[in-house]
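Novice: I'd like to ask some things about the structure below.
The values are calculated or read from the model by the stated rules, or taken from the named source; none is laboratory data. Everything numeric here is computed off the predicted structure, so don't read it as measured data. Quick reminder, even Gly has a Cβ in these numbers, built from the backbone with ideal geometry, and neighbours come from all protein chains shown.
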Amino acid sequence: MSLLIIVLIVCIPLLFLAWLLPEKWQMFPIAISTAVFLGFVSPASLVILTTSSLITYYILNTHGSKTAATMVAVVLVSSILLIFKLQSELNFNITKNKILPLGISYYSFRQIHYAMETYKRKLPAHSILEYYCYLFFLPTILIGPINLFQPFVKDLRKRRWNSVLFSQGLERILYGMVKINVIGNYLLTYKLNLFCTENAASQVWLTTYLQVFKFTANAYVQFAGYSDVAVGLSILFGFKIIENFNFPFLAKNIADFWKRWHISLSSWCREYVFFPFLSITRNARISIIISMIVLGIWHEISIRYLLWGILHALAINIWHRYESTALHKKLSKYPVFQNVTGVIVTLNFVMLSFVLISENSLSQSFNLLQTLLFLKR
Amino acid sequence: MTYSNINTLFEALQQTTIRNRLFAHINDKKITYGQLQEEMEKLWSIFQKNGLRKGDKVILSTNDDYYTTLFFLAFLRYGIITVFIDPNVPPKRSIAIIEKTGANVFVMDEELFVTRLIDANSTAFYLKIQAATQKKGKLFDRLLKNKKETPAADELVFPAIMGTTIADSHAIDTIEDEDVAYILFTSGTTSDPRGVMISHSNLFAHLHTLKKVYALNENDHLLNILMLYHADGIIQGPLLTAFNQATWIRPFRFDLSNIGDLFNSIYKYRITHFITVPTVLSFMNKFHEGYEDSFQTENFEFIISVASKLELKLWQDFEQKFQTQVVNVYGLTETVAGSLFCGINALPRKVGTVGVPVDCEAKIIKENGEIALANETGVLWLKGAHIFKGYLDNQIDTEAVLVNGWLNTGDIAIKDEDGFFYITGREKNTINTGGINIYPEQVTEMINTHPKIAESICLGLPDENFQEKLVSVIVIRPDEQLEKNDLIDFLRPLLEQSQMPKNFYFFDNLPKGLSGKIKVNAVKELIESTHNTSTQSGTAISNMIIIEAAAEAFGMDKNQIKMSDNSHSLEGWDSMAHLVFITILEDRLKVRFSTAEMMNMNTLTSVEQIINEKLKAVKI
Amino acid sequence: MYNLLTKVMAKNYANILMFLWYLFLLFLVFRYSFIDSGRFKYLGY
């Protein structure tokens, strides 16, 4: 929360600069303040981002073979990410203090996206300054979304003052803050928690269920709130960036859920993990499992996130299998029934899956699951 | 707020409320109406001092877009006749044009005085335009340079001379309706160029029409990046803008590498009307990825397609892909700019036609001289206040096309039951490539001057992007050798860029009729027989295969799928179905897609593109 | 939401209502800003 407030405060003078300076200077204050911000909050992150992007840009734009250059860039960026993720896990266990460089999960994936798009030859002509503006973009540096390079450059070149858009941005930020503070912190974390602890003794199953709901709903509301602020801030600067959520709890099936939840990450995994593996293995099921594992351990390298990813991959595969059965076709004649049950089943599955990652240890998670599934009284 | 002539138009522009408004945004330069006025008045004082007066003909030829505009508007205002010569016109033709007009006043880029062999001392008046090549931040260089290159005291160098001139708005002659406004050379041969004379009344009658059909007002922003030495650039650009006290946007010249910027400029500059040619639309249609929403801004009204035939398929594809409206305009240099309009809200609309005549009459005359009924083919004739005065000093040609106020357009047309006109062909021998008219005889004339060439003919072949392309068919003298590159080097100084043939075909002899005239159609067949013409039908087949495969993979009906669809617009296109789709395509086409290819196949058009490249590679 | 409001009432009233709505939300945000959920693990930072 406090980091978000700092970002918001830094953005106020930046906004004046970003609209009042001569056009060609408008972007530099944002990039420079992002660097300064990173330098204060997480110096390691500043060093990593600056050097890794310099190296990858140089390799990708000067090396003759795009395939080799992409391989080198992707391997380089993902090993840096991997090393820090692993190390932070070790530290986590020892000191209970996570020192993962700020924003590394997001900007590493942005760099890989950039490398892969270079490989696909889908990038417009651009300068290194534009690339740096993209990576050092304050609104998305903290908690994503993993916004894409092409739309960013497009907006960079076409942006102009637009009062309608600006007020939309302000509104978005306000709604985001309401989600984080009022719904997430107050209603879910505080009020619902209070209710649960008061009734924990008498209503074991209900309160357990509500606790699980609380975690899932809070995860959504908090993350969507942060994303709203990021999207809103970007709009204030004249950039429309990718939406991260699209009412995920209304998903009619698990495949649909992943088109609505953390969209920037799931589409990243589809583009850069699923499709490459699909073209190599020609096996969609395996490719789904691999991409969901990547998606899972992106959050944190641990057994529980690994299991969580596999569980979702299995669910998606089961859904695809079911989709081609006669039963599904028959039920399609009753769309209301099918949709309502679909939404309920999907939401509950998602909630159950979150039990895996909400608890501090796997044994606690299994305890909870036993309670929920009436396996334990 | 309409102005019947140049006098009232510029009196209105004097108002203080207008002076601060932006007239034009050219490259990085912003010019307000006030600045325009002031610079025009300075020019007036220069003209007066040098004895330039109403009715004089001035050769205007500069690469600077703003100076072209400034001088043209100033000449209009003060009754001086502008003779446009594109700075890229090769010397031989320019000299012929200068001779033809008898003009003795020159406003041209410095170097053109050399290539066009103009002796400044023998002219009545001249202004040399110096290109502003100095870059900002090189102050030191500039200081040094200026010292070295200070022109002779009596030399008139523009824009330097503007610094020492005081604006003057006195003793301006009143312009009469029948005064000639400008002369544009479009056709004729190199040795006998033909200049179209447009009078002030022609011009203003047509400005009224354009204002009316486009419903323009002072808040509009017109994007026009067409060449200013063509009517669609200069008239439907700066002049139409000034006439409406609107703003003209010309941030760059068109170039394939800035297609993205072209899309972006719609939003960035709050464009309301985008005036362009079908070739540009065709490229935009091709490189659309990520720009589909470019015209969805609060200001944008419609696209105005001018200068050449807008093919039905491009028109429909474009409107569907970008969810915007394209207006088709038919006109000639002889009609100022337009005549028939199709697709504007207030008018009836039929895509694929040139629409209906506005503020003019149109008739179709059959070969036997009778007026054509509905759906009968004939030559299109036009009559109206905007039809030109005639060709400069060329009574014979003028009488050939202007009969009782009716202009013979030389285009073959059909009118349907609803009164919509279709242009189906051409009687005159011209080729329209990317909106520019080329007269093949001019090119043939130049090619035949090569000593090793026995005979040749230039003709137009259909082209996907440029509508038509110019090709040259050549017979070399016996026992002679001629390399294509040598020929191009030979032609470069003789031809304009657009006049250079795109292909050269060498044959031992050419099919001729009894009279010894080369048979154009037989030559075309000859060329076709040397080509592998299967590409055209190949595209159609792969489109069907793609749609069929998509229908099967995504569990949809074929009719529900359009080539403009992508992985977001089709419900069934998820990651699982993607594999099915690709394997179906691989099976049917007997190819295997690589990782990069599979990753790029997220729209049906990209699938088509990849398949076409793949099949081409297989063939080779 | 603004579009919905303007359908039901005059633009002026809709403007005022929207303004009040934003004020109310701002109040809520500040009212509950004391509760800190801490660094939220799922966010991955």
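Novice: In this structure, is B:Met227 part of a loop (DSSP other than H, G, I, E, B) and in contact (Cβ under 8 Å) with a residue 24 or more places away in the chain?
Specialist: On the way: part of a loop (DSSP other than H, G, I, E, B): yes; in contact (Cβ under 8 Å) with a residue 24 or more places away in the chain: yes.
Judged against the criteria, B:Met227 is a match.
Novice: Another question, then. Could you tell me whether region A:227-236 includes any residue that is at pLDDT 90 or above, over 20 Å from the mean Cα position of the chain (by Cα) and of a type outside the set (Ser, Thr, Tyr)? Break it down into steps so the answer makes sense when it comes.
Specialist: If we filter region A:227-236 for residues that are at pLDDT 90 or above, which is where we start, we get A:227-236.
Next, from what is left, pick out any that are over 20 Å from the mean Cα position of the chain (by Cα): A:236.
Cutting the leftovers down to of a type outside the set (Ser, Thr, Tyr) gives us A:236.
Within region A:227-236, one or more residues are at pLDDT 90 or above, over 20 Å from the mean Cα position of the chain (by Cα) and of a type outside the set (Ser, Thr, Tyr).
Novice: Continuing with this model, one more query. Does A:Ala251 fit the bill of being of a type in the set (A, V, I, L, M), within 24 Å of B:Met601 (Cβ to Cβ), touching a residue at least 24 places away in the same chain (Cβ under 8 Å) and within 14 Å of chain B (Cβ to nearest Cβ)? Walk me through it before giving the result.
Specialist: Numbers: of a type in the set (A, V, I, L, M): yes; within 24 Å of B:Met601 (Cβ to Cβ): no; touching a residue at least 24 places away in the same chain (Cβ under 8 Å): yes; within 14 Å of chain B (Cβ to nearest Cβ): yes.
Taking the combined requirement at face value, the residue does not satisfy it.
Novice: Is it the case that some residue within region B:551-567 is of a type in the set (Gly, Ala, Ser) and at pLDDT below 75?
Specialist: So the first thing to find is which residues in region B:551-567 are of a type in the set (Gly, Ala, Ser), and the list is B:551, B:553, B:555, B:564, B:567.
Subsequent filtering for residues that are at pLDDT below 75 retains none.
No, region B:551-567 contains no residue that is of a type in the set (Gly, Ala, Ser) and at pLDDT below 75.
Novice: Suppose we filter region B:578-609 for residues that are of a type outside the set (Phe, Trp, Tyr) and away from chain A (no Cβ under 11 Å); how many remain? Spell out how you get there, then give the answer.
Specialist: So the first thing to find is which residues in region B:578-609 are of a type outside the set (Phe, Trp, Tyr), and the list is B:578-580, B:582-592, B:594-609.
Cutting the leftovers down to away from chain A (no Cβ under 11 Å) gives us B:584-585, B:587-591, B:603-605, B:607-609.
Residues that pass the stated criteria total 13.
Novice: Of the residues in region A:125-166, how many are among the small types (Gly, Ala, Ser) and in contact (Cβ under 8 Å) with a residue 24 or more places away in the chain? Step through it out loud before you land on a result.
Specialist: If we filter region A:125-166 for residues that are among the small types (Gly, Ala, Ser), which is where we start, we get A:125, A:127, A:144, A:163.
Going one step further and asking which of them are in contact (Cβ under 8 Å) with a residue 24 or more places away in the chain, we end up with A:144.
Summing the residues that are among the small types (Gly, Ala, Ser) and in contact (Cβ under 8 Å) with a residue 24 or more places away in the chain in region A:125-166 gives 1.
Novice: The conditions are (1) among the acidic types (Asp, Glu); (2) surrounded by 16 or more Cβ atoms within 10 Å (Cβ to Cβ); (3) not assigned by TED's automatic domain parsing to the domain that holds A:Ser78, and A:Glu198 fails exactly one of them. Which is it?
Specialist: Condition (2) is where A:Glu198 drops out.
Novice: Would you call A:Asn218 within 30 Å of A:Lys120 (Cα to Cα) and either within 11 Å of another protein chain (Cβ to nearest Cβ) or within 19 Å of the chain's Cα centre (by Cα) (or both)? If you could, list the steps in order and put the result at the bottom.
Specialist: Details: within 30 Å of A:Lys120 (Cα to Cα): no; either within 11 Å of another protein chain (Cβ to nearest Cβ) or within 19 Å of the chain's Cα centre (by Cα) (or both): yes.
So A:Asn218 fails the test.
Novice: Ok, one more. Listed residues B:Val306, B:Val327; which is touching a Cys at 6+ places or on another chain (Cβ under 8 Å) and either surrounded by fewer than 22 Cβ atoms within 10 Å (Cβ to Cβ) or away from chain A (no Cβ under 14 Å) (or both)?
Specialist: Working: B:Val306 fails: touching a Cys at 6+ places or on another chain (Cβ under 8 Å).
On inspection, the qualifying residue turns out to be B:Val327.
Novice: Could you say which residue among B:Leu36, B:Leu52 is touching a strand residue (DSSP E or B) at 6+ places or on another chain (Cβ under 7 Å), part of a loop (DSSP other than H, G, I, E, B) and either within 24 Å of B:Gln236 (Cβ to Cβ) or touching a residue at least 24 places away in the same chain (Cβ under 8 Å) (or both)?
Specialist: Values: B:Leu36 fails: part of a loop (DSSP other than H, G, I, E, B).
The unique qualifying residue is B:Leu52.
Novice: Take B:Ile423 and decide whether it is within 27 Å of the chain's Cα centre (by Cα), surrounded by fewer than 22 Cβ atoms within 10 Å (Cβ to Cβ) and in contact (Cβ under 8 Å) with a residue 60 or more places away in the chain. Walk me through how you get there before you give the answer.
Specialist: Working: within 27 Å of the chain's Cα centre (by Cα): yes; surrounded by fewer than 22 Cβ atoms within 10 Å (Cβ to Cβ): yes; in contact (Cβ under 8 Å) with a residue 60 or more places away in the chain: yes.
Criteria met by B:Ile423.
Novice: Scan region B:270-280 and give yes if some residue there is assigned to a loop (DSSP other than H, G, I, E, B) and within 14 Å of chain A (Cβ to nearest Cβ), otherwise no.
Specialist: Of the residues in region B:270-280, the ones assigned to a loop (DSSP other than H, G, I, E, B) are B:270-272, B:277.
Okay, now just the ones that are also within 14 Å of chain A (Cβ to nearest Cβ), so B:270-271.
Looking for residues that are assigned to a loop (DSSP other than H, G, I, E, B) and within 14 Å of chain A (Cβ to nearest Cβ), one finds at least one in region B:270-280, hence yes.
Novice: Looking at region B:579-590, is at least one residue assigned by TED's automatic domain parsing to the domain that holds B:Ile545, modelled with pLDDT of 80 or more, closer than 28 Å to A:Arg285 by Cβ and not in a helix (DSSP H, G or I)?
Specialist: yes
Novice: If I go through region A:98-143 residue by residue, how many of them are among the small types (Gly, Ala, Ser), surrounded by 23 or more Cβ atoms within 10 Å (Cβ to Cβ) and in a loop (DSSP other than H, G, I, E, B)?
Specialist: Qualifying residue count, region A:98-143: 1.
Novice: For A:Phe245, work out the one condition from (1) under 21 Å from A:Phe354 (Cβ atoms); (2) of a type outside the set (Gly, Ala, Ser); (3) in a helix (DSSP H, G or I) it doesn't fulfil.
Specialist: (3)
Novice: Another question, if that's okay. Inspect all residues belonging to region B:567-577 and state whether any of them is surrounded by fewer than 17 Cβ atoms within 10 Å (Cβ to Cβ) and farther than 20 Å from A:Ile316 by Cβ.
Specialist: yes
Novice: Any residue at all in region A:222-234 that's touching a Cys at 6+ places or on another chain (Cβ under 6 Å), of a type in the set (S, T, N, Q) and away from chain C (no Cβ under 14 Å)?
Specialist: no
Here is a yes/no grid of residues against (1) in contact with a strand residue (DSSP E or B) (Cβ under 7 Å, 6 or more places away or on another chain); (2) buried (at least 23 other Cβ atoms within 10 Å of the Cβ); (3) in the same structural domain as B:Glu468 (by TED's automatic domain parsing); (4) modelled with pLDDT under 95:
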| residue | (1), (2), (3), (4) |
| --- | --- |
| B:Arg194 | yes, no, no, yes |
| B:Val213 | yes, no, no, yes |
| B:Asn217 | no, no, no, yes |
| B:Ile234 | no, yes, no, no |
| B:Asn258 | no, no, no, yes |
| B:Ile275 | yes, yes, no, no |
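Novice: In region A:144-166, what residues are charged (D, E, K, R), surrounded by fewer than 21 Cβ atoms within 10 Å (Cβ to Cβ) and either away from chain B (no Cβ under 11 Å) or not in a helix (DSSP H, G or I) (or both)?
Specialist: If the condition is that a residue be charged (D, E, K, R), surrounded by fewer than 21 Cβ atoms within 10 Å (Cβ to Cβ) and either away from chain B (no Cβ under 11 Å) or not in a helix (DSSP H, G or I) (or both), then A:Arg160 is the only one that fits.
Novice: Determine which member of the set B:Phe295, B:Phe254, B:Phe318, B:Phe283 is buried (at least 21 other Cβ atoms within 10 Å of the Cβ), in contact with a helix residue (DSSP H, G or I) (Cβ under 8 Å, 6 or more places away or on another chain) and away from chain A (no Cβ under 14 Å).
Specialist: Working: B:Phe295 fails: away from chain A (no Cβ under 14 Å); B:Phe254 fails: buried (at least 21 other Cβ atoms within 10 Å of the Cβ); B:Phe283 fails: buried (at least 21 other Cβ atoms within 10 Å of the Cβ).
From the options B:Phe295, B:Phe254, B:Phe318, B:Phe283, the qualifying one is B:Phe318.
Novice: A further question follows. For region B:320-336, name all the residues that are within 16 Å of B:Phe263 (Cβ to Cβ), in contact with a Phe, Trp or Tyr (Cβ under 8 Å, 6 or more places away or on another chain) and assigned to a helix (DSSP H, G or I). Don't jump to the end; show me each part of the working.
Specialist: Just the residues of region B:320-336 that are within 16 Å of B:Phe263 (Cβ to Cβ), to begin with: B:321-324, B:326.
The next check asks that each one be in contact with a Phe, Trp or Tyr (Cβ under 8 Å, 6 or more places away or on another chain); those that pass are B:322-324, B:326.
Result: B:Phe322, single match.
Novice: Can you tell me which condition B:Ser265 does not meet? The list is (1) out of contact with any strand residue (DSSP E or B) (no Cβ under 7 Å at 6 or more places or on another chain); (2) assigned to a helix (DSSP H, G or I); (3) not charged (D, E, K, R), and all the others hold.
Specialist: All conditions are met except number (1).
Novice: OK, next. Suppose we filter B:Ala171, B:Ala167 for residues that are exposed (fewer than 13 other Cβ atoms within 10 Å of the Cβ) and either at pLDDT 50 or above or assigned to a loop (DSSP other than H, G, I, E, B) (or both); which single one remains? Lay out the reasoning, then the answer.
Specialist: Working: B:Ala167 fails: exposed (fewer than 13 other Cβ atoms within 10 Å of the Cβ).
After applying the criteria, what remains is B:Ala171.
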